[in-house]
Every structure is written in structure tokens, then in C-alpha cells.
Amino acid sequence: MDLSIELAGIHLRSPIVLASGTAGYAYEYDGIIDFSYVGAVIIKTVTMEPRSGHPEPRIWEVTAGVLNSIGLENIGIDALLSDVVPHVSNLDVPVIASIAAETAKGFARLASRIEEAGVFCALELNISCPNVERGGLEFGVDPKATSAVVSAVRENTSIPVFPKLSSAVTNIREIAEAAYIGGASGLSLINTIPGLAVDVASRRARLGGITGGLSGPAIKPIALKAVWDCYQATGLPIIGGGGVYDVQDVLEFMICGARAVSVGTATFQDPQGAGEIVEALPSCLEELGVDSPSRLVGTLET
Amino acid sequence: MKKSSSERIEKRITSSVYVGDGTLRNRIDVSSRYFILEVEIKNPRASCPLPGQFFTIECGGGKEHLLRRPFAVHSIVEWSKEYAVIQFLVEEVGWGTRRLRNIMPGDKIGILGPLGRGFKFFQGNHLLVSGGIGVAPLHFAACYLEERKIDYTFVAGFKSSRSCYSGLEKLEGNVLVFTDDGSAGKKGFASSGAVSAFEQAEYVAVLACGPEPMMREVFQMSSSAGIACQVSLAERMACGVGACRGCVRRGKNRNLCVCKEGPVFDGTDVW
Ligand SMILES: Cc1cc2nc3c(=O)[nH]c(=O)nc-3n(C[C@H](O)[C@H](O)[C@H](O)COP(=O)(O)OP(=O)(O)OC[C@H]3O[C@@H](n4cnc5c(N)ncnc54)[C@H](O)[C@@H]3O)c2cc1C
Ligand SMILES: Cc1cc2nc3c(=O)[nH]c(=O)nc-3n(C[C@H](O)[C@H](O)[C@H](O)COP(=O)(O)O)c2cc1C
Ligand code: FES
């Protein structure tokens with residue numbers, strides 16, 4: 001079965017993508033992950049200046065999930081373009097860049113530099129990171145700010161733009177509509193959900209950043225609802241994810257309206273998990289009586 | 001149920017890292033808290049692990065416990081491109097290590113490695129200082145030195161005789177065991193053992209692994225003696241390959257990525 005999909009004008013050989021921040025700049029996993037199964041890799045969010053991130057510990061395992069407070073540590077756009085781009089162009093997989101900035105203008109400037117590099121097939125706008133004080137969720141919770149960021153980027157770039165939304169908002173439909181009005185080519189969701197873990201003996205937070213972002217199977221039902229809401233509200237192509245672990249999860253996301261599905265935290269347990277999902281997809285789709293992944297998108301019976 | 005994928009992706013493995021299943025060949029309880037996992041790997045292809053390098057092990061947590069656990073190589077029984085047997089020395093401290101203690105010979109376990117950068121060795125006398133489970137990678141270092149006929153003194157500290165690791169008795173070098181309560185070896189901390197080791201001989205290098213305050217003390221001792229000290233750090237990890245930045249901690253002047261740039265660092269990079 002042909003598993004390829006069209007996603008806002010980009011052609012992906014399979015609907016499975018690797019989520020930002022969980023696959024680094026892709027080349028760290030070269031020789032460990034078989035990229036030939038993967039539709040695209042979304043690389044770690046990059047900012048204008050390098051960021052050193054939060055103090056350790058940055059990772060805490062919780063029931064069916066992981067809390068992280070990386071704090072958007074990244075090498076900055078200059079190092080990305082000089083050091084990472086040469087590796088990226090050697091990989092046999094489309095790469096989507098992810099950017100974050102503190103102002104709409106900052107997003108726009110980063111977007112044009114990403115496009116100039118010529119190796120990224122699309123752009124994710126991280127307006128939903130719970131681990132930064134400024135320029136993260138600040139945008140993602142506010143429809144006006146969302147729309148301003150998206151349109152500023154839109155004016156400066158021609159590659160497809162996917163704002164990445166958070167489910168930690170009062171009404172995600174409003175945010176999705178604002179992104180649509182701003183000119184989004186599609187949507188990506190969900191980012192991690194703000195969370196906290198406590199060590200009773202010391203009465204300290206488990207993470208150096210105190211609070212963190214929750215990912216993994218624990219957040220899947222929340223993510224499914226968010227995808228369904230955004231699909232209904234906008235009809236935009238959606239990269240859906242949050243807690244995806246196996247092929248069953250992928251089918252659920254597609255039924256709720258995701259055209260592509262991201263695998264994040266699950267990669268930590270099994271770097272080859274995304275590949276296994278892709279291998280299992282054809283027979284699962286056949287069982288459901290559809291001859292391509294896109295036929296399943298948004299078919300939730302209500 | 002997820003199926004094993006080691007064969008499918010085998011053709012693609014070009015790097016020096018093995019990813020896939022290993023088979024538990026043997027599990028040996030060595031004290032009430034420590035046990036050895038002997039794992040067999042078919043077609044590892046990867047290069048032979050070096051002392052200080054580690055593997056991440058999938059403890060069978062499914063969706064509930066998502067993360068692999070990192071373990072240093074404790075010894076290499078056999079290693080070729082076609083077949084390998086390695087040992088991990090594990091201390092039972094929580095869910096994952098308890099689970100590992102309960103797997104049966106013949107069971108498959110997902111492993112990934114060797115990862116990270118290990119110890120550097122020199123010609124001349126080495127001082128190895130371990131606290132608790134820090135003995136695991138330093139045991140491998142001691143075997144490595146023995147094979148190369150390089151001298152060493154090994155100071156190993158444990159809480160008590162109950163947690164002591166008896167495997168050290170098989171080493172041929174100068175091994176000094178200390179326990180906090182004096183129930184085995186001499187009474188005292190590994191760091192006080194290191195003080196007397198410094199008085200008795202000269203060293204070209206110091207290697208330390210254990211609780212951070214101990215490593216820091218050993219580093220300070222080495223510095224005042226003018227000897228370079230390498231320490232093996234532990235941080236919580238998610239990916240193990242440098243992709244997620246989860247294991248990154250602050251060093252003296254910069255961030256240190258423990259899984260990729262480490263786990264072994266020069267003490268001067270840390271403090
Ligand atoms: C590079 C490296 C090499 C290691 N080598 C060995 C080894 O050879 N043998 C061995 O027994 N252990 C080793 N460890 C520590 C081992 O990874 C942890 O003990 C293990 O992950 C605990 O898992 P758990 O599910 O049993 O415990 P959890 O329930 O996750 O935690 C129980 C306790 O273990 C501590 N812990 C958890 N993860 C770590 C960690 N990564 N580092 C330090 N403490 C941790 C927690 O703080 C907690 O107090 C190593 C760690 C690193 C980073
Ligand atoms: C360690 C870690 C780092 C992450 N870093 C980023 C990031 O830099 N940018 C981003 O947009 N999302 C980041 N995410 C969020 C993931 O891309 C994903 O949206 C989220 O983890 C939910 O999916 P999952 O449950 O499959 O992991 C990160 C997640 C984790 C666990
Ligand atoms: S554990 Fe992911 S970067 Fe080290």
C-alpha cells in the first residue's frame with residue numbers, strides 16, 4: 001500500500017513524523033533510527049541566540065509519561081545553519097525546522113533565515129513551549145498574538161508554515177481559527193502540557209526548572225480532543241500527536257483529523273518504534289477498509 | 001504487543017552503536033542489593049565498548065515506564081562483530097532495576113550502546129576510586145588496565161558488607177575496600193581511602209565514579225597533588241544519544257551533555 005500523503009503541499013512517504021525536541025537535529029540518531037520509514041523529522045526548536053536551558057535535573061519519569069524542563073536549550077540559528085544544515089542535507093528524509101522567538105518580528109526574521117538555507121521542507125512555529133518565560137505559551141494562549149506571529153512569518157516565507165499549538169488553553173478552537181486567519185498552511189499539536197512533580201522528603205520539585213512539560217501516553221486523550229477540535233474549526237491539515245506509542249494510537253489521531261502523526265517521547269523507549277508503526281500501518285488500514293492513510297482523516301463518527 | 005525489530009533494521013546499522021535485542025544469559029546475585037546481568041548479543045557489529053561507556057536498557061515498562069535506564073559496562077566476556085557477551089553490575093534502587101532483577105535467563109531485553117565517552121588511560125600507575133555502584137565502570141577499567149599490564153590501586157567504598165561487591169576479589173591489582181560502618185574491609189569512606197592511597201604512591205591519573213560529593217573531594221585531592229582526575233557523572237537520561245538535551249547539566253564554564261560528551265569528564269570541566 002502507498003502510505004504517502006500530501007501535507008500542505010509537501011509530499012511525505014509516510015504519515016509518521018518525529019516530534020520536535022525528541023529527535024534532536026536528526027543526525028544524532030543516524031544509524032540508530034531507520035529514517036527511510038519516516039515521513040519527516042521535525043528538528044529541535046531553534047532561537048535567534050543560543051540558549052543554555054534549565055538547570056538539572058531536566059527529565060523525570062511519571063506514570064505513563066515524562067516531565068521535562070529542557071528550557072529550550074539550543075545552539076541558535078547561526079550554528080544551526082553552519083553546523084547542522086550540512087548534516088541535514090545528507091539525510092534521506094525531509095526535515096522540518098522549528099523556531100521560537102520573543103516577538104512576531106523575531107519569528108519572521110528566523111523564518112526567512114530558515115527558508116534561505118534551502119534544506120527545510122516546512123516550518124513549525126513553536127508558540128506553545130511551557131518551559132520558557134517569554135515567547136512560549138505567551139503567544140499560544142492568545143488568539144491575537146497567534147495570528148500576528150503567523151502572519152508575520154507568512155509574509156516573509158513561502159515554505160509551508162505550521163504553528164504548534166498547546167492544549168493548555170481555554171478554547172483551542174479560537175487559537176486554531178486565529179492561526180488560520182494569520183495564514184497558517186496547517187497546524188501542529190499538541191505540545192507538552194505544563195506539569196509538576198514533587199519529592200516529598202526534600203519538599204523540592206523533581207525538576208531543576210521546578211515545573212516542566214508532560215508528554216507521553218498520559219496526554220493522549222487530551223491531544224485527541226485538541227486535534228478533533230482544530231480539525232472541525234479549521235479543516236487545515238494537521239500534524240497530530242501527543243502520547244503516540246503504537247499503530248493504534250496513529251489510527252486514532254487520523255480518525256480525529258490528523259493528516260500526519262508525530263511520535264515523540266516513545267522514541268526514547270524504542271528508537272525504531274516509528275519504523276515499526278509504519279510497517280504495521282498497511283494491514284491496519286486494510287482492515288479498516290481504506291486504501292490510503294488520507295482516507296481515514298477526520299472520519300470520527302459522531 | 002510490540003514486536004522485536006532487531007533484525008529488520010539490522011541492515012541499516014552503520015554506526016558504532018548497537019540497537020536491538022539482547023538475550024539475558026545469566027543473572028548472578030552478588031549481594032542483597034547488587035546483581036550482575038550477563039547479556040548476549042548476536043551480530044552486535046558495533047565497536048567493542050570501552051571502560052566508562054554505557055548502554056541504555058529497556059526494562060519492559062511498556063507505556064507505563066517509558067524511559068530506558070542507563071548502565072555502565074561492568075565487564076566484557078566476549079566481543080566480536082558476530083557475537084558478544086557483556087556484563088552489567090546493577091544496584092536495585094527502584095522500579096526499573098527491580099524489574100531487571102526479575103527477568104529470566106533466555107528473556108530478551110532491548111539494549112542500545114555502547115554510548116558516550118569513556119575513560120582515558122596512560123602509561124603508569126592509576127588510582128581508581130569508587131563509591132557504591134560507581135564500582136561498576138571502574139571494575140571494567142581495572143580489567144582493562146590489567147590486560148595492558150598497567151599498575152593501579154583501586155579504592156572501593158560501600159555502605160556496609162551487605163552491599164559490598166565481592167567480584168573485586170578476583171582483580172589482581174591493589175584493591176582496598178572500605179565500608180561506612182566497618183562491616184567489611186576498613187572503616188571509612190572511599191574518599192578517606194583515597195587520602196591514604198595518595199600518601200602511599202604516585203599516580204599518573206585518577207579515575208572516580210560514585211556519589212557527586214565523593215567525586216568532588218577526590219577531584220580536589222587530585223588537583224592539589226597536581227594529578228588529572230576524570231569523573232563519571234550520572235544524570236537522568238531520556239534519549240542517551242545527545243538528541244534531547246535531557247541529561248545536560250551545568251559544568252564549570254559550560255553545559256555538559258552527559259550522555260554524549262560524557263559520562264566521563266575531566267574534573268576541571270565540572271568544578
Ligand atoms: C552513565 C550512567 C551509568 C550508570 N551505570 C550504572 C551501573 O553500572 N549500575 C547501576 O546500578 N546503576 C547505574 N546507573 C544508575 C542507574 O541508571 C539508575 O540507578 C537507574 O536508572 C534507576 O532506575 P530505577 O527505575 O530502578 O529507579 P527509579 O525508580 O527511576 O529511581 C530510583 C532512585 O534511583 C535514582 N536514579 C534514577 N536514575 C538515575 C540516574 N540516571 N543516575 C543516578 N541515579 C538515578 C533516583 O534518583 C532514585 O533515587 C548509571 C547511570 C548513568 C547516568
Ligand atoms: C525532551 C523533550 C523536548 C522537547 N522539545 C521540544 C521543542 O524544542 N520544541 C517543540 O515544539 N516541542 C518540543 N517537545 C514536545 C514534543 O515535540 C511533543 O509535542 C510532545 O512531547 C508531545 O508528544 P509525545 O507525547 O509524543 O512526546 C519536547 C518534548 C520532549 C519530551
Ligand atoms: S539523554 Fe538525551 S541528550 Fe543526553
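The values are calculated or read from the model by the stated rules, or taken from the named source; none is laboratory data. From a predicted model like this one, the values you see are computed outputs, not experimental measurements. Every residue, glycine as well, gets a Cβ built from its backbone with ideal geometry; the counts of neighbours run over all protein chains shown. These accessible areas exclude ligands, DNA and RNA; they are computed on the full protein's heavy atoms, side chains included. Shrake-Rupley method; radii C 1.70, N 1.55, O 1.52, S 1.80 Å.
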Quiz item: Can you pull out the residues in the range B:18-57 that are assigned to a loop (DSSP other than H, G, I, E, B) and surrounded by fewer than 24 Cβ atoms within 10 Å (Cβ to Cβ)?
Solution: B:V30, B:S31, B:S32, B:R33, B:N43, B:R45, B:A46, B:S47, B:C48, B:L50, B:Q53
Quiz item: Is one or more of the residues making up the range A:94-104 within 14 Å of another protein chain (Cβ to nearest Cβ) and open to solvent by 30 Å² or more (accessible area, probe 1.4 Å)?
Solution: no
Quiz item: Filtering the range B:160-179 down to residues that are in a strand (DSSP E or B) and among the polar types (S, T, N, Q), which residue is farthest from B:A197 (Cα to Cα)?
Solution: B:T179
Quiz item: Any idea how many residues of the range A:190-223 are touching a helix residue (DSSP H, G or I) at 6+ places or on another chain (Cβ under 6 Å) and free of Cβ contacts under 8 Å to residues at least 60 places away in the same chain?
Solution: 0
Exercise. Filter the range A:64-121 for residues that are acidic (D, E), out of contact with any helix residue (DSSP H, G or I) (no Cβ under 9 Å at 6 or more places or on another chain) and not in a helix (DSSP H, G or I) and give the result.
Key: A:E73
Practice problem: Tell me the strands (runs of 3 or more DSSP E) entirely within the range B:67-148 that contain at least 2 residues that are closer than 26 Å to B:G242 by Cβ and not polar (S, T, N, Q). | Solution: B:69-72, B:75-79, B:83-91, B:108-115
Quiz item: If A:E56 passes every condition in (1) within 14 Å of another protein chain (Cβ to nearest Cβ); (2) out of contact with any Lys or Arg (no Cβ under 6 Å at 6 or more places or on another chain); (3) closer than 24 Å to A:I219 by Cβ; (4) open to solvent by 10 Å² or more (accessible area, probe 1.4 Å) but one, which one does it miss?
Solution: (2)
Practice problem: Might you let me know whether the range A:60-80 holds any residue that is at the interface with another protein chain (Cβ under 8 Å from one of its Cβ atoms), over 18 Å from the mean Cα position of the chain (by Cα), within 16 Å of ligand 3 (Cβ to nearest atom) and not acidic (D, E)? | Solution: yes
Exercise. Collect the residues in the range A:232-246 that are crowded, with 22+ Cβ neighbours inside 10 Å and either at positive phi or in contact with a helix residue (DSSP H, G or I) (Cβ under 8 Å, 6 or more places away or on another chain) (or both), keeping them in residue-number order.
Key: A:I238, A:G240, A:G241, A:G242, A:G243, A:V244, A:Y245
Practice problem: Scan the range A:35-52 residue by residue and report those that are open to solvent by 20 Å² or more (accessible area, probe 1.4 Å), in a loop (DSSP other than H, G, I, E, B) and more than 8 Å from chain B (Cβ to nearest Cβ). | Solution: A:M48, A:E49, A:P50
Quiz item: Tally time: how many residues in the range B:241-271 are within 8 Å of chain A (Cβ to nearest Cβ), under 20 Å from the mean Cα position of the chain (by Cα) and either closer than 30 Å to B:A201 by Cα or not in a strand (DSSP E or B) (or both)?
Solution: 5
Exercise. Filter the range B:72-96 down to residues that are open to solvent by less than 30 Å² (accessible area, probe 1.4 Å) and more than 14 Å from ligand 1 (Cβ to nearest atom) and give me whichever is nearest to the chain's Cα centre (by Cα).
Key: B:V85
Quiz item: Looking at the range A:179-218, which of the residues that are aliphatic (A, V, I, L, M) and within 28 Å of A:I10 (Cα to Cα) is surrounded by the fewest Cβ atoms within 10 Å (Cβ to Cβ)?
Solution: A:I181
Quiz prompt | Qualifying residue in the range B:218-237 (condition: within 12 Å of chain A (Cβ to nearest Cβ), surrounded by fewer than 17 Cβ atoms within 10 Å (Cβ to Cβ) and not in a loop (DSSP other than H, G, I, E, B)) | solution = no
Quiz item: Where residues in the range A:1-34 are out of contact with any helix residue (DSSP H, G or I) (no Cβ under 7 Å at 6 or more places or on another chain) and of a type in the set (D, E), which of them is surrounded by the most Cβ atoms within 10 Å (Cβ to Cβ)?
Solution: A:E28
Quiz item: Among the residues of the range A:130-166 satisfying the criterion of being closer than 23 Å to B:G246 by Cα and in contact with a helix residue (DSSP H, G or I) (Cβ under 7 Å, 6 or more places away or on another chain), which is surrounded by the most Cβ atoms within 10 Å (Cβ to Cβ)?
Solution: A:L165
Quiz prompt | Enumeration of residues in the range A:247-264 that are open to solvent by 10 Å² or more (accessible area, probe 1.4 Å) and touching a Lys or Arg at 6+ places or on another chain (Cβ under 9 Å) | solution = A:E252, A:C256
Exercise. Might you check whether a residue that is away from chain B (no Cβ under 13 Å) and in contact (Cβ under 8 Å) with a residue 12 or more places away in the chain occurs anywhere in the range A:18-34?
Key: no
